[in-house]
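Below is one structure; the comments refer to it alone.
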Amino acid sequence: MPPLAALVMMLATGTPEGRCFVPSDQTAGWKRVVLPEETPALAAPADVDWFRSGEPALLLEQDATAYTGADSERPGRMAYAFRVPRDGRRLELGFLGDLRGAKVDAVAYAGGRSFPLLDEKRLAGTQLALDWTMEGVEQVVVSVHHHLREKPVVRTWRVGRLMKPTEDPALPASFRAPRSLYFLHPGGRRLELCDAPGRTPRLSRWPESANADEVTLRRP
């Protein structure tokens, strides 16, 4: 098991498990459904913004100041440092080129202590996500061993922090109804909402509209 319950994975759209429903409205925009009694953990797909009333959600932000610099620690190894906001729980990186099986280390720093998230894990592709559960993390350093490969370049990054959307005074009143699931339908596809206990709601943007359209549910 990874240390301190840290989970590292390549970004992918997961297939929800459990009982599923189809929203009546499949057009783009923010939607609201009343949570069925039998599925209080109803969730949207992993690549869709969503949250439930009164519950914490992971807000992913593209903070330009989070990236604090790169350092060539030694020949064939680059280290990239990122500042983590209060209540930070996730860091997502996008590299310019494929890592092609390069070894990757990742260390989180909190209160003067270091916590390994990755230890020479070989990774491919251009996307990397790091999750952790401990509190008080202030910085994360990701090191890539690029021997006999092109020097990796970090192209994009996002940091995620836990917050309760319904406790933010800036959230429109229509997004504060109790026992509700809110999700941002991207349009152009058929979404299903499935019971997924343990999955953390995720937001990459704040609701821009003043209202969420109410929809009903039916079985697939």
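Ranked by the mean number of other Cβ atoms within 10 Å per residue, highest first, peptides 187-196, 147-156 order as 187-196, 147-156.
Distant-in-sequence amide contacts of Gln139, defined by a placed amide H-H separation under 5 Å and a gap of 5 or more residues or a different chain, comprise Val84, Tyr109.
Accessible surface computed residue by residue for region 123-191, with neighbouring protein chains in place and a 1.4 Å probe, gives 50 Å² per residue. The figure for Arg77 is an accessible area of roughly 40 square angstrom, using a 1.4 Å probe on the protein chains alone.
Only alpha carbons enter this Debye calculation for region 119-220, each as an equal point scatterer, and the log10 of I(q)/I(0) it gives at q = 0.21 Å⁻¹ is -1.32. Centre-to-centre separation between the Cα atoms of region 141-159 and those of region 61-91: 10 Å.
Here region 64-220 exposes an accessible surface that is 48 percent carbon and sulfur, computed with a 1.4 Å probe and the other protein chains kept in place. As an equivalent ellipsoid, region 25-141 spans semi-axes of 33, 18, 13 angstrom, where each value is the square root of five times an eigenvalue of the C-alpha gyration tensor, largest first.
With θ taken as phi - 60° and the Karplus curve 6.51 cos²θ - 1.76 cosθ + 1.60 applied, the whole-hertz 3J(HN,Hα) list for region 166-177 is 6, 9, 8, x, 7, 6, x, 4, 5, 9, 10, 5 Hz, x standing for glycine and proline.
Considered as an equivalent ellipsoid built on the Cα gyration tensor, the chain has semi-axes of 35, 18, 16 Å, the largest given first. Residue-normalised convex hull volume from the C-alpha trace of region 163-220: 125 Å³ per residue. Note on Lys121: aspartates and glutamates with a C-alpha under 20 Å away, same-chain residues under 8 apart excluded, are Asp71, Glu73, Glu92, Asp98, Asp105, Asp131, Glu150.
The values are calculated or read from the model by the stated rules, or taken from the named source; none is laboratory data. Small disclaimer: the values here were computed from a predicted structure and weren't measured. Note that we place each Cβ from the backbone using ideal geometry, even for glycine, and neighbour counts take in every protein chain shown. Only protein heavy atoms, including side chains, enter the accessible area calculation; ligands, DNA and RNA are left aside. Shrake-Rupley method; radii C 1.70, N 1.55, O 1.52, S 1.80 Å.
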